[in-house]
Amino acid sequence: MYDTPFIPPPPPPPPAAQKHSRLGIVSLVLAILAMLIMCVDVVLVLGITGGANIPTEVQYLDSALSCIAALAALTGLGLGIAAVSRKDAKKLFGILGLVFNAVYLLVYCGLVGFNALSLF
């Protein structure tokens, strides 16, 4: 009845491999950048002053670097949350960025709180 042999349909293509989230990668890079800025800040302040009385100019530099690092960590925290909430990408870098930014911000808030309490 049928002249042609039965040819089965080709198998469906394998599902596309998930890629790493760019938001997560940027979040992790911002966490590393914030930690490097904090290290540079500590080295500069201790190198310039030797741990003694800190001149006003150095205090301004210290404050500026600390604020830049905190803003980078806050931005990285937001990007980490966005990366973890995505369903179409791997979450490894998002989780790492989220954790490192959160740890940095906890340390930063602890240092700011300790310095504020030491004024009294």
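FYI, it's all coordinate maths here, none of it is from the lab. Model, not experiment: these values are computed from the prediction. Methodologically, a virtual Cβ is constructed for each residue, glycine included, from the backbone with ideal geometry; neighbour enumeration extends over all protein chains shown.
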Self-check item: Radius 13 Å from Cβ of Lys91, net charge of other residues (Lys, Arg +1; Asp, Glu -1)
Solution: +4
Self-check item: Proximal charge balance of Arg22 [Cβ under 13 Å; K/R count +1, D/E count -1]
Solution: +3
Exercise. Just grab the label-to-label distance for Leu92 and Val112, each label 7 Å out from Cα along the Cβ direction, in nm (one decimal).
Key: 3.3
Quiz item: In a GNM of the chain with a 10 Å cut-off on Cα contacts, which of Ala82, Ala16, Ala31 has the highest mean-square fluctuation?
Solution: Ala16
Exercise. Sorted from largest down, give the three principal axis spans of the alpha carbons of the chain, whole angstrom values.
Key: 100, 26, 15
Quiz item: Once amide H atoms are placed 1.01 Å from N in the peptide plane, what residues at a sequence separation of 5 or more from Lys90, or on another chain, have their amide H within under 5 Å of its amide H?
Solution: Lys19, His20, Ser21
Quiz prompt | Inter-site label distance for Ile54 and Cys67 at 7 Å from Cα along Cβ, in nm | solution = 1.4
Quiz item: Within region 25-120, which trypsin sites (Lys or Arg not before Pro) sit in a loop by DSSP and count at most 16 neighbouring Cβ atoms inside 10 Å?
Solution: Arg86, Lys87
Quiz item: Taking the Cα-to-Cβ direction at Val42 and at Ile81 and moving 7 Å from each Cα, how far apart do the two end points lie in nm?
Solution: 2.7
